[in-house]
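K.L.:
The structure under discussion is supplied below as C-alpha cells; questions concerning it will follow.
The values are calculated or read from the model by the stated rules, or taken from the named source; none is laboratory data. This one's a predicted model, so the numbers in the text were calculated from it and none came from an experiment. Quick reminder, even Gly has a Cβ in these numbers, built from the backbone with ideal geometry, and neighbours come from all protein chains shown.
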Amino acid sequence: MVTALTRAALLASWCPALLAAYGQGDPFGRMPQWTVDQLHEDLDALAAALKKHHPAPYRYCTPEQFDRCVDSLHRSLDRPLTEFEFLGRISALYPLLGDGHTLFLPTEEWAATAPARYFPLPVVFTDTALHVGCDAARPDDRYTGARILAINNSPADRIIDTLLTRQVRDGRHTSYASWILNTWFRSYYRFSFGEPERFQVVIEKDGVRTELVMDASEAAALPASCTPVPAQGLELSFLPDSIALLRIGSFERALVRPNGIDAAFAMMRDRRICRLVLDLRGNQGGDPRAAKRLLAHLLDRPFSLVAKGPSAGFTRPVKDSYSGALCTLMDGGSFSATTMVLAQLEHFHRGPLIGEESGGNRTVISGSARIMHLPNTRIACTISRKDWWLVEREADGRGITPTHEVARSDGHDAMLEKAIHLLMVH
C-alpha cells in the first residue's frame, strides 16, 4: 500500500492510476446514468472553472500535470456513469489542487425513491488501518477494536487508498482527509462503493478471524462514540488543580461569538485560573473575527491573523489578557481559521501544541469559496476564490506540527491527559 507521505507525490504525476472504477452497488436501480457527452461537458465545465476562478490551481502541480490529469479523465469517460461514479472520477483532482476548501459533493436529487443505505458498523479510520469503533449503546460489544480486513471482498488497504485518494486535503498531507473519513466514514464509503443491501465483513481480533454478514443501515450518522464529544460551540469547564478546559468546536458565527469568548475569559479571571487547556480539535474554522478575539485574550502583543489576504492587519490584545500556562489540543480536523490561530500560537511560542498535524496548511490557505453546479450531473462544486497567507514563506504543503504528537484514541482522551500532565509539571 502506498504510504500517506508518498501518496500525494505519486498522485501529482500519475493521475491515470486514480481512474480505476470500483464496483458500486445500486440495488434499487434509482441512480440515473449520464451519457458520455454529458459527462465530458461537465468535466470541461469544472476544469474551466478551476482555471478561471481558483487563486492557485498549480500550487502543487504544474499546468502540464493538471492538463494531463484532465485528459486522462476524458479518456476514462467511455461509458455512461452514475453521479457517484462520476464523482469518484473528478475527485482525482483533489491531490493536485491541495485545497481543502475546494470540494465536490453529490446533490442526490434522485434519492427520494428509496432510503439510502450505509455501512452498519462504527469505523475508526486511519491512513493504515480500519477498526471497528466503540458504540456507546453497546460499549462491551465483543467486536469493538477488531481490525477490519475486508468489506464485500475489497481488502481494507484498497478501501483506504480509494477513500484517501478521493478526499480533499490542504497541501500535500492527508491529515484533514483522514480526519474527515474517520468522522464521516459511512457517507464517503457510500460515495465510492455504493449502496449494497448487505455487507460481508472480515474482521480480526486477538488473532481470530471472523466473517460477519450484516444488513445495511439507513442511518447516515455513526452511533454515539464511547468517547464523549463536546458541543460544537463554546464550552467552558473546570478541572481539579485550577485547570480550565475551554473547548471551541467551531468559529462559525451562529455557534461562537466574540462576546461569548469574552465571557469565558471573564469567568476564568474570576476564578483565578492559571492553567488552561484550549481544545481546538475538530474545529474546521469559521468567522475570523472570533478567531482574532480568542487570540486577543491569549497573546500579550499585537498580532496579525494572516500576513496577506482577507483579514490581514494587526489586532491588539485585550486589557488583562490571559497570561497563565496554556496547552492547546489539535488534530486533523483543526482547519481553516483554526489553523490561523494555531499558526499564531506557534509563532509566539504560546505553550505546547498537543495532538496531530493540523488539517489546514501552515503557510497559505485558499478560501472565500463559491458554489457552482455542473450543468448535467448537478454535482455541487465549491471552488476557492482567494488566498489567505498566514506567513511569508514558500508553501511546503504541510500543516501545523504539534509540539507533542499524540494519536487520537477511542475510549479515552490521551491528548487531554497529556495536556494536564504538562500543566501540572509546569
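K.L.:
Check the stretch 305-312 and report whether any residue there is under 21 Å from residue 368 (Cα atoms), among the charged types (D, E, K, R) and surrounded by fewer than 16 Cβ atoms within 10 Å (Cβ to Cβ).
P.N.:
Yes.
K.L.:
Quick test for you: out of 43, 50, 5, pick the one residue that is closer than 25 Å to residue 172 by Cα and at pLDDT below 50.
P.N.:
On the way: 43 fails: at pLDDT below 50; 50 fails: at pLDDT below 50.
Of 43, 50, 5, the one residue that is closer than 25 Å to residue 172 by Cα and at pLDDT below 50 is 5.
K.L.:
Okay, next question. List the number of the failed condition for residue 409; all other conditions in (1) touching a Leu at 6+ places or on another chain (Cβ under 6 Å); (2) surrounded by fewer than 18 Cβ atoms within 10 Å (Cβ to Cβ); (3) of a type outside the set (A, V, I, L, M); (4) assigned by TED's automatic domain parsing to the domain that holds residue 332 hold.
P.N.:
Tallying (1) touching a Leu at 6+ places or on another chain (Cβ under 6 Å); (2) surrounded by fewer than 18 Cβ atoms within 10 Å (Cβ to Cβ); (3) of a type outside the set (A, V, I, L, M); (4) assigned by TED's automatic domain parsing to the domain that holds residue 332, residue 409 fails exactly one: (1).
K.L.:
Is it true that residue 391 is free of Cβ contacts under 8 Å to residues at least 40 places away in the same chain and either surrounded by fewer than 19 Cβ atoms within 10 Å (Cβ to Cβ) or within 18 Å of the chain's Cα centre (by Cα) (or both)?
P.N.:
On the way: free of Cβ contacts under 8 Å to residues at least 40 places away in the same chain: no; either surrounded by fewer than 19 Cβ atoms within 10 Å (Cβ to Cβ) or within 18 Å of the chain's Cα centre (by Cα) (or both): yes.
The answer is no for residue 391.
K.L.:
Taking only the stretch 279-312 into account, find how many residues are more than 21 Å from residue 387 (Cα to Cα), in a loop (DSSP other than H, G, I, E, B) and hydrophobic (A, V, I, L, M, F, W, C).
P.N.:
So the answer is 2.
K.L.:
So, of the residues in the stretch 372-389 that are part of a loop (DSSP other than H, G, I, E, B) and in contact with a Leu (Cβ under 8 Å, 6 or more places away or on another chain), which turns out to be nearest to residue 81 (Cα to Cα)? Show your work before the answer.
P.N.:
So in the stretch 372-389, the residues part of a loop (DSSP other than H, G, I, E, B) come out as 374-379, 384-385.
Pick out the ones that are also in contact with a Leu (Cβ under 8 Å, 6 or more places away or on another chain) and you get 374, 376-377, 379.
Working: 374: 15, 376: 12, 377: 10, 379: 13 Å.
Going through the qualifying residues, I end up with 377.
K.L.:
Give the residue that is farthest from residue 255 (Cα to Cα), with candidates limited to residues of the stretch 273-288 that are at pLDDT 95 or above and of a type in the set (D, E, K, R).
P.N.:
Selected residue: 275.
K.L.:
In addition: In the stretch 67-125, what residues are of a type in the set (Gly, Ala, Ser) and closer than 15 Å to residue 42 by Cα?
P.N.:
Scanning the stretch 67-125 gives 72, 76, 88, 91, 92.
K.L.:
Follow-up question, since we're still on this one. Quick one: which residue in 415, 340, 372 is farther than 29 Å from residue 93 by Cβ and aliphatic (A, V, I, L, M)? Write out each step before concluding.
P.N.:
Working: 340 fails: farther than 29 Å from residue 93 by Cβ; 372 fails: farther than 29 Å from residue 93 by Cβ.
It is 415.
K.L.:
Report yes if some residue within the stretch 413-422 is in a loop (DSSP other than H, G, I, E, B), of a type in the set (Gly, Ala, Ser) and in contact (Cβ under 8 Å) with a residue 40 or more places away in the chain; otherwise report no.
P.N.:
First, the residues of the stretch 413-422 that are in a loop (DSSP other than H, G, I, E, B): 413.
Those still in the list that are of a type in the set (Gly, Ala, Ser) too: none.
No, there is no match, as no residue in the stretch 413-422 is in a loop (DSSP other than H, G, I, E, B), of a type in the set (Gly, Ala, Ser) and in contact (Cβ under 8 Å) with a residue 40 or more places away in the chain.
K.L.:
Next up: Among the residues of the stretch 237-263 satisfying the criterion of being touching a strand residue (DSSP E or B) at 6+ places or on another chain (Cβ under 7 Å), among the hydrophobic types (A, V, I, L, M, F, W, C) and surrounded by fewer than 21 Cβ atoms within 10 Å (Cβ to Cβ), which is nearest to residue 278 (Cα to Cα)?
P.N.:
245
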